[in-house]
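Colleague: Got a structure for you, questions after.
The values are calculated or read from the model by the stated rules, or taken from the named source; none is laboratory data. Note that the structure is predicted; figures quoted are calculated from it, not measured. No Cβ is skipped: glycine too gets one built from the backbone with ideal geometry, and neighbour counts run over all protein chains shown.
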Amino acid sequence: MSAADWEAVIGLEIHTQLATKSKIFSGAATAYGAEPNTQACLVDLGYPGVLPVLNAEVVRMACLFGLAIDASIARRSVFARKNYFYPDLPKGYQISQYELPIVERGELWIEGDDGEDKRIGITRAHLEEDAGKSLHEGLQRFSGIDLNRAGTPLIEIVSEPDLRSAREAAAYMRKIHTLVRYLGISDGNMQEGSFRCDANVSVRRRGETALGTRAEIKNLNSFRFVEKAINYEIERQIELLEDGASVVQETRLYDAAKDETRGMRSKEEANDYRYFPDPDLLPVVIDDEFVESLRGSLPELPDAKRRRLVDDYGIRGEDAAIIASNRALADYFEAAARATGAAAQLVANWVTGDLAAALNRDGLDIEASRIGAADLAGLIERIDDATISGKIAKEVFEAMWAGEGSADAIIDARGLRQITDSGAIEAIVDAVIAANPSQVAEYRAGKDKLIGYFVGQVMKETGGKANPAQVNAILRQKLSP
Amino acid sequence: MDAELHQLTLTQLAAGLGRGEFSAVELTRALLGRIERHDGDLNAFVTVTGEQALEAAQRADDARAAGEAGVLNGLPIVHKDIFCTKGVATTCGSRMLEDFVSPYDATVVERLARAGAVVLGKTNMDEFAMGSSNETSYFGPVHNPWDLERSPGGSSGGSAAAVAARLAAAATGTDTGGSIRQPAALTGTVGLKPTYGRVSRYGMIAFASSLDQAGVIARSTADAALLLGVMAGFDPRDSTCIEHPVPDYAAALTAPVRGLRIGIVRQHFDQGLDAGCAAAVREALAVLESQGATLTEVDLPNLDLSVPTYYVVAPAECSSNLSRFDGVRFGHRAADPADLMDLYCRSRGEGFGAEVKRRIMTGTYVLSAGYYDAYYLKAQKVRQLIADDFRHAFEQVDVIAGPTSPTPAFRLGDKTDDPITMYLNDIYTIGANLAGLPAISVPCGFVDDLPVGLHLVGPHFGEETVLRCAHHYEQATEWHAACPEAYR
């Protein structure tokens, strides 16, 4: 048998940190990067006698997410305790949701491997608190515990096993990532651990309906790792099964350096979590009015925005997808497109091309772009009205990026205005023809490709400022025998 | 004068302080002296906070002089050692917390302090409030002032003994299955457990969160009402604390009981109840009837399931609540742990006593995969049935009356070998915890020179009715004023 005879079945559990100022059950700050244990109050430390109080903001955020994935919002959800001992888990239990989560039965559409739209079911999304962090680096004979992260609000998004490849899994994860940032409920920062996932992977022979035994790969914190880890795991399982062995249900870790997954010691996962409703917290009760008011506050979602960008601006679907993947980028595009009479596709080209490259080069978000949307529109106007060529525009763009001012100011200061006076261009063309008699003869003898040489010569003479289309037309006319 | 001060109730002391007959400092000195003299026999205290008490008393006197006296200004009380007190050891009767000094005050502690109360110390208790005899305390059993060979009950046994022996005018306690009312009954004091959610649990070390409720042990119903008025009320730090107006409990005491419908539960007088106790309770009911209350029999058909239900729910919650005592951040830590597992096992193995371990194991078991439905879920359903029984009963009556405890105080050591017999001590009190109802125990007589308690249960937020009924009974009797001879 070969890999083509097998089908992978994948489900993801995505943990997203909610962008609240304070923790889910205490007033301590959630900001990243503080000195260890400086953002943990007595509640986070699990001191005797302290009690959790739910941060209302997390309920709003979870509901917003539920509405965005067309899910059912539970009018009554319950926090439960997940009991296990670990040094970075101060209370000896994690407060989570178990039997009655706040969000159930949602869906998300991705582009499937066959290129068609594919529905991915979302089983549930529930609220929970994060644990702290154990530190081992640089410490000998003991471990450090940093409880700053303890009590940070998370929403865990659990998909149905609807994904069939690592590519689909990564596409789904990207889509969720885009969505949570759209909704403003998470910064999605993967380096800081604000967005990470566990992947449940199994394989089965094509055509079979029963699920194979799955392995769970824990703590994947980049799209690339998700794809690589799943691919490795699929291959590993197929190999096992083809050799007549079987897959063990277990938790595995992905080692990015070696690009492989490894089983965790079974001791670490032999937990009976003894879930039960947390008696310190009341059930979360939500009324229809609250849900409806939230529905009204939902922003335009990525898929709808992508479709609208194509419909309203006539830009290419793939550009619309890139632009719509980031709410601020889309706002930028729309502002620029509205500010110019030039074709919106030209704006899209600049936004996804030079602008994206410059942002990427300087490690900036679109919000911190050194060129505002109106200024970029100003540059595009000058291309559109033939004041400058596309090539000169790149030079102007770099100058604008460097803070030298608006497109018009730079064009004037550097004398970059395109030569469109046909008389002036003709004079230069004549001079070039006169200076290159042998090339003219060759061209006229049928060596058409030499046109490029002549254009180059004219551009060189004009410092690139001559209108290329005009140069081309005049050259062809004058060179014709 | 000192010889008499300790005999005054909280209400009388408030009046005396108000009239300037004595100062808070004098009063505090007198009681600290008594603690010094008697606590060697009683072992009611884990920590005596003499210095802080005298400072607080001085502040109270200054406040009074400045015309800024709070309702409890200068009144000497003690806290069960389950309430976190900033800067003072809070042991919960356990080796686990032998050296634990809380960095914050419980809401109850904060409110009483703000009202001007002077705290004389922290009282002994069953370890983590798990026990009905005070014998599970790491710091040794408390002795009953009525007979030092006997238990004062538990888990708030230190608070009850301190009040009964006149070492403090009143005390805080906590009640999960009867831990205020049973020791009150066994020491001839008044014990009030409010409605679940009436008083904040913030800062009260959790045993079973859905059952725990803070309350008071006092010398009279009026004193209990005075303290409850200060302790009760919404606290944003406790999600289970209910936003419900706090009435004037003292004012509610005097409304007549004529026409008050008192329910009597037939099963309460079935086998297991000491004949002397039964007689005392029946006599008490006759007194209330003579005051104009009507007696009706009510049925609580599922009451016999309350003890087994409780011993599933409470251990389940405690097994999780006590997980935080892991030797990592606070509390007892085993010496030289070999690794993490060794740190956990030995810290907890050394830090917890036998009864606490028994309950943690029971609770862990009933929550385990494969057993959860049969035990925990089933117990929650029965708990709902019991609550429904009470709800139906309160459609017919205003108060349900009966015995607080099946027997008077038993000998120390008598029941320590048999946990089931010990658990049955709370048979009459547990129902109110499972249903979250307010209940009080008031002294109603003696059997063989040992006090007996009358138990009154009210509907949710029916504290006023329960207090009023108890107060009227007190007006007609002298049982609550009785004092053990050695402590007069």
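Colleague: I'm checking my understanding of the structure. Among residues of region B:205-239 that are β-branched (Val, Ile, Thr) and not in a strand (DSSP E or B), which one is farthest from the other protein chains (Cβ to nearest Cβ)? Before the answer, list the steps.
Modeller: Our first condition is that a residue be β-branched (Val, Ile, Thr); within region B:205-239, this holds for B:205, B:216-217, B:221, B:230.
With the extra rule that they be not in a strand (DSSP E or B), the set shrinks to B:205, B:221, B:230.
On the way: B:Ile205: 5, B:Thr221: 28, B:Val230: 19 Å.
Going through the qualifying residues, I end up with B:Thr221.
Colleague: Among the candidates A:Glu192, A:Glu168, which residue alone is modelled with pLDDT of 95 or more and within 27 Å of A:Ala321 (Cβ to Cβ)?
Modeller: Values: A:Glu192 fails: modelled with pLDDT of 95 or more.
Checking each option against the conditions leaves just A:Glu168.
Colleague: Only one of (1) in a helix (DSSP H, G or I); (2) in contact with a Gly (Cβ under 6 Å, 6 or more places away or on another chain) fails for B:Pro406. Which number is that?
Modeller: Tallying (1) in a helix (DSSP H, G or I); (2) in contact with a Gly (Cβ under 6 Å, 6 or more places away or on another chain), B:Pro406 fails exactly one: (1).
Colleague: If the requirement is being within 14 Å of chain A (Cβ to nearest Cβ), over 21 Å from B:Gly233 (Cα atoms), of a type in the set (Val, Ile, Thr) and crowded, with 22+ Cβ neighbours inside 10 Å, which of these qualifies: B:Thr90, B:Thr85, B:Thr107?
Modeller: Values: B:Thr85 fails: over 21 Å from B:Gly233 (Cα atoms); B:Thr107 fails: over 21 Å from B:Gly233 (Cα atoms).
None of the others qualify; the one that does is B:Thr90.
Colleague: Something else about it: From the set of residues in region A:67-92 that are of a type in the set (Ser, Thr, Tyr) and facing another protein chain (nearest Cβ under 10 Å), which is nearest to A:Phe142 (Cα to Cα)? Please lay out each step first, then the result.
Modeller: First, pick out the residues of region A:67-92 that are of a type in the set (Ser, Thr, Tyr): A:72, A:77, A:84, A:86.
Keeping just the survivors that are facing another protein chain (nearest Cβ under 10 Å) gives A:84, A:86.
On the way: A:Tyr84: 21, A:Tyr86: 14 Å.
Per the stated criteria, the residue is A:Tyr86.
Colleague: Now a separate question. Scan region B:249-274 residue by residue and report those that are more than 25 Å from the chain's Cα centre (by Cα) and without any contact (Cβ under 8 Å) to a residue 24 or more places away in the chain.
Modeller: Filtering region B:249-274 for residues more than 25 Å from the chain's Cα centre (by Cα) gives B:255-261, B:266, B:270-271.
Hits for region B:249-274 are B:Asp270, B:Gln271.
Colleague: Does B:Ser441 qualify as being of a type outside the set (D, E, K, R), closer than 21 Å to B:Arg282 by Cα, touching a residue at least 12 places away in the same chain (Cβ under 8 Å) and in a strand (DSSP E or B)? Walk me through how you get there before you give the answer.
Modeller: On the way: of a type outside the set (D, E, K, R): yes; closer than 21 Å to B:Arg282 by Cα: yes; touching a residue at least 12 places away in the same chain (Cβ under 8 Å): yes; in a strand (DSSP E or B): yes.
Criteria met by B:Ser441.
Colleague: So, one more: What is the number of the single condition among (1) closer than 22 Å to B:Ser320 by Cα; (2) touching a Lys or Arg at 6+ places or on another chain (Cβ under 8 Å) that A:Tyr84 does not meet?
Modeller: (2)
Colleague: Of the residues B:Ser132, B:Ser200, B:Ser179, only one is over 14 Å from the mean Cα position of the chain (by Cα), of a type in the set (S, T, N, Q), buried (at least 24 other Cβ atoms within 10 Å of the Cβ) and closer than 29 Å to B:Thr465 by Cβ; which? It would help to see each step written out before you state the result.
Modeller: Working: B:Ser132 fails: over 14 Å from the mean Cα position of the chain (by Cα); B:Ser179 fails: over 14 Å from the mean Cα position of the chain (by Cα).
Unique residue meeting the criteria: B:Ser200.
Colleague: In region A:42-66, what residues are within 10 Å of chain B (Cβ to nearest Cβ) and surrounded by fewer than 21 Cβ atoms within 10 Å (Cβ to Cβ)?
Modeller: Our first condition is that a residue be within 10 Å of chain B (Cβ to nearest Cβ); within region A:42-66, this holds for A:42-43, A:45-54.
Matches in region A:42-66: A:Leu42, A:Val53, A:Leu54.
Colleague: So, one more: Select, from B:Ala162, B:Ala168, the only residue that is part of a loop (DSSP other than H, G, I, E, B), within 28 Å of B:Gly33 (Cβ to Cβ) and touching a strand residue (DSSP E or B) at 6+ places or on another chain (Cβ under 6 Å).
Modeller: Numbers: B:Ala162 fails: part of a loop (DSSP other than H, G, I, E, B).
Just a single option satisfies the conditions, and that option is B:Ala168.
Colleague: So, in region A:169-190, of the ones that are assigned to a loop (DSSP other than H, G, I, E, B) and of a type outside the set (Gly, Ala, Ser), which residue ends up surrounded by the fewest Cβ atoms within 10 Å (Cβ to Cβ)?
Modeller: From region A:169-190, those assigned to a loop (DSSP other than H, G, I, E, B) are A:183-190; that's our starting set.
With the extra rule that they be of a type outside the set (Gly, Ala, Ser), the set shrinks to A:183, A:185, A:187, A:189-190.
Working: A:Leu183: 19, A:Ile185: 25, A:Asp187: 16, A:Asn189: 14, A:Met190: 16.
Among those residues, the one meeting the criterion is A:Asn189.
Colleague: Out of curiosity, is B:Pro256 surrounded by fewer than 21 Cβ atoms within 10 Å (Cβ to Cβ) and either in contact with an Asp or Glu (Cβ under 9 Å, 6 or more places away or on another chain) or away from chain A (no Cβ under 14 Å) (or both)? Step through it out loud before you land on a result.
Modeller: Numbers: surrounded by fewer than 21 Cβ atoms within 10 Å (Cβ to Cβ): yes; either in contact with an Asp or Glu (Cβ under 9 Å, 6 or more places away or on another chain) or away from chain A (no Cβ under 14 Å) (or both): yes.
For B:Pro256, the condition - surrounded by fewer than 21 Cβ atoms within 10 Å (Cβ to Cβ) and either in contact with an Asp or Glu (Cβ under 9 Å, 6 or more places away or on another chain) or away from chain A (no Cβ under 14 Å) (or both) - is met.
Colleague: Also, I was wondering about something else. Among A:Asp198, A:Asp288, which is under 28 Å from A:Tyr98 (Cα atoms), away from chain B (no Cβ under 14 Å) and exposed (fewer than 12 other Cβ atoms within 10 Å of the Cβ)?
Modeller: Details: A:Asp198 fails: exposed (fewer than 12 other Cβ atoms within 10 Å of the Cβ).
Just one listed residue meets the conditions, A:Asp288.
Colleague: Now for a separate question. If you go through region A:434-476 one residue at a time, how many are closer than 25 Å to A:Ile383 by Cβ and either modelled with pLDDT of 85 or more or of a type outside the set (Gly, Ala, Ser) (or both)?
Modeller: Restricting attention to region A:434-476, the residues satisfying the condition of being closer than 25 Å to A:Ile383 by Cβ are A:451-452, A:454-476.
Restricting the remaining residues to those that are either modelled with pLDDT of 85 or more or of a type outside the set (Gly, Ala, Ser) (or both) gives A:451-452, A:454-462, A:465, A:467-468, A:470-476.
Counting residues in region A:434-476 that are closer than 25 Å to A:Ile383 by Cβ and either modelled with pLDDT of 85 or more or of a type outside the set (Gly, Ala, Ser) (or both) gives 21.
Colleague: Filter region B:148-159 down to the residues that are buried (at least 24 other Cβ atoms within 10 Å of the Cβ) and in a loop (DSSP other than H, G, I, E, B) and list them by number. Let's see the steps before the verdict.
Modeller: Keep residues of region B:148-159 that are buried (at least 24 other Cβ atoms within 10 Å of the Cβ), which gives B:151-159.
B:Ser151, B:Pro152, B:Gly153, B:Gly154, B:Ser155, B:Ser156 - these are the residues of region B:148-159 that are buried (at least 24 other Cβ atoms within 10 Å of the Cβ) and in a loop (DSSP other than H, G, I, E, B).
Colleague: Restricting attention to region B:356-374, report how many residues are more than 13 Å from chain A (Cβ to nearest Cβ) and either over 25 Å from the mean Cα position of the chain (by Cα) or closer than 30 Å to B:Arg468 by Cβ (or both).
Modeller: 1
Colleague: Related question: So B:Ala393 clears everything in (1) touching a residue at least 12 places away in the same chain (Cβ under 8 Å); (2) in contact with a helix residue (DSSP H, G or I) (Cβ under 6 Å, 6 or more places away or on another chain) except one condition, right? Which one?
Modeller: The failed condition is (2).
Colleague: Do we find that A:Gly121 is under 25 Å from A:Ala304 (Cα atoms), buried (at least 21 other Cβ atoms within 10 Å of the Cβ) and either within 14 Å of another protein chain (Cβ to nearest Cβ) or in contact (Cβ under 8 Å) with a residue 24 or more places away in the chain (or both) in this structure? Give the steps one after another, and end with the answer.
Modeller: Numbers: under 25 Å from A:Ala304 (Cα atoms): yes; buried (at least 21 other Cβ atoms within 10 Å of the Cβ): no; either within 14 Å of another protein chain (Cβ to nearest Cβ) or in contact (Cβ under 8 Å) with a residue 24 or more places away in the chain (or both): yes.
Judged against the criteria, A:Gly121 is not a match.
Colleague: Out of region B:409-438, which residues are β-branched (Val, Ile, Thr) and outside any helix (DSSP H, G or I)? Reasoning before the result, please.
Modeller: First, the residues of region B:409-438 that are β-branched (Val, Ile, Thr): B:416, B:420-421, B:427, B:429-430.
Of everything in region B:409-438, those that are β-branched (Val, Ile, Thr) and outside any helix (DSSP H, G or I) turn out to be B:Thr416, B:Ile427, B:Thr429.
Here is a yes/no grid of residues against (1) at pLDDT below 90; (2) of a type outside the set (D, E, K, R):
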| site | (1), (2) |
| --- | --- |
| A:Leu220 | no, yes |
| A:Glu233 | no, no |
| A:Arg236 | no, no |
| A:Met264 | yes, yes |
| A:Glu268 | yes, no |
| A:Asn271 | yes, yes |
| A:Pro279 | no, yes |
| A:Leu282 | no, yes |
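Colleague: When you go through B:Leu377, B:Leu343, B:Leu385 one by one, which is the residue that is more than 14 Å from chain A (Cβ to nearest Cβ) and either under 29 Å from the mean Cα position of the chain (by Cα) or closer than 24 Å to B:Asn321 by Cα (or both)? Before the answer, list the steps.
Modeller: Values: B:Leu377 fails: more than 14 Å from chain A (Cβ to nearest Cβ); B:Leu343 fails: more than 14 Å from chain A (Cβ to nearest Cβ).
Result: B:Leu385 is the single residue among B:Leu377, B:Leu343, B:Leu385 that is more than 14 Å from chain A (Cβ to nearest Cβ) and either under 29 Å from the mean Cα position of the chain (by Cα) or closer than 24 Å to B:Asn321 by Cα (or both).
Colleague: Given the structure, is B:Val313 within 11 Å of another protein chain (Cβ to nearest Cβ), crowded, with 16+ Cβ neighbours inside 10 Å, in contact with a strand residue (DSSP E or B) (Cβ under 8 Å, 6 or more places away or on another chain) and not polar (S, T, N, Q)? First the steps, then the outcome.
Modeller: On the way: within 11 Å of another protein chain (Cβ to nearest Cβ): yes; crowded, with 16+ Cβ neighbours inside 10 Å: yes; in contact with a strand residue (DSSP E or B) (Cβ under 8 Å, 6 or more places away or on another chain): no; not polar (S, T, N, Q): yes.
It is false that B:Val313 is within 11 Å of another protein chain (Cβ to nearest Cβ), crowded, with 16+ Cβ neighbours inside 10 Å, in contact with a strand residue (DSSP E or B) (Cβ under 8 Å, 6 or more places away or on another chain) and not polar (S, T, N, Q).
Colleague: For the structure I just gave you, tell me whether B:Ala393 is modelled with pLDDT under 95 and hydrophobic (A, V, I, L, M, F, W, C).
Modeller: no
Colleague: Before we move on, is B:Gly140 surrounded by 24 or more Cβ atoms within 10 Å (Cβ to Cβ) and of a type in the set (Gly, Ala, Ser)? Steps first, answer last, please.
Modeller: Details: surrounded by 24 or more Cβ atoms within 10 Å (Cβ to Cβ): no; of a type in the set (Gly, Ala, Ser): yes.
Against the criterion (surrounded by 24 or more Cβ atoms within 10 Å (Cβ to Cβ) and of a type in the set (Gly, Ala, Ser)), B:Gly140 does not qualify.
Colleague: So, in region A:93-118, of the ones that are among the small types (Gly, Ala, Ser) and either within 12 Å of another protein chain (Cβ to nearest Cβ) or over 23 Å from A:Ser26 (Cα atoms) (or both), which residue ends up surrounded by the fewest Cβ atoms within 10 Å (Cβ to Cβ)?
Modeller: Narrowing region A:93-118 to residues among the small types (Gly, Ala, Ser): A:96, A:106, A:112, A:115.
Narrowing the set further to residues that are either within 12 Å of another protein chain (Cβ to nearest Cβ) or over 23 Å from A:Ser26 (Cα atoms) (or both) leaves A:106, A:112, A:115.
Working: A:Gly106: 23, A:Gly112: 18, A:Gly115: 7.
Selected residue: A:Gly115.
Colleague: So which residues in region A:323-336 are crowded, with 18+ Cβ neighbours inside 10 Å and in a helix (DSSP H, G or I)?
Modeller: Let us first name the residues in region A:323-336 that are crowded, with 18+ Cβ neighbours inside 10 Å, namely A:323-327, A:329-330, A:332-334, A:336.
Selection gives A:Ile323, A:Ala324, A:Arg327, A:Leu329, A:Ala330, A:Tyr332, A:Phe333, A:Glu334, A:Ala336.
Colleague: Name the residues in region B:314-362 that are part of a loop (DSSP other than H, G, I, E, B), acidic (Asp, Glu) and in contact (Cβ under 8 Å) with a residue 24 or more places away in the chain, would you? First the steps, then the outcome.
Modeller: Step one: of region B:314-362, the residues part of a loop (DSSP other than H, G, I, E, B) are B:325-339, B:352-353.
Checking the rest, the ones that are also acidic (Asp, Glu) come to B:326, B:336, B:339.
Correct list: empty.
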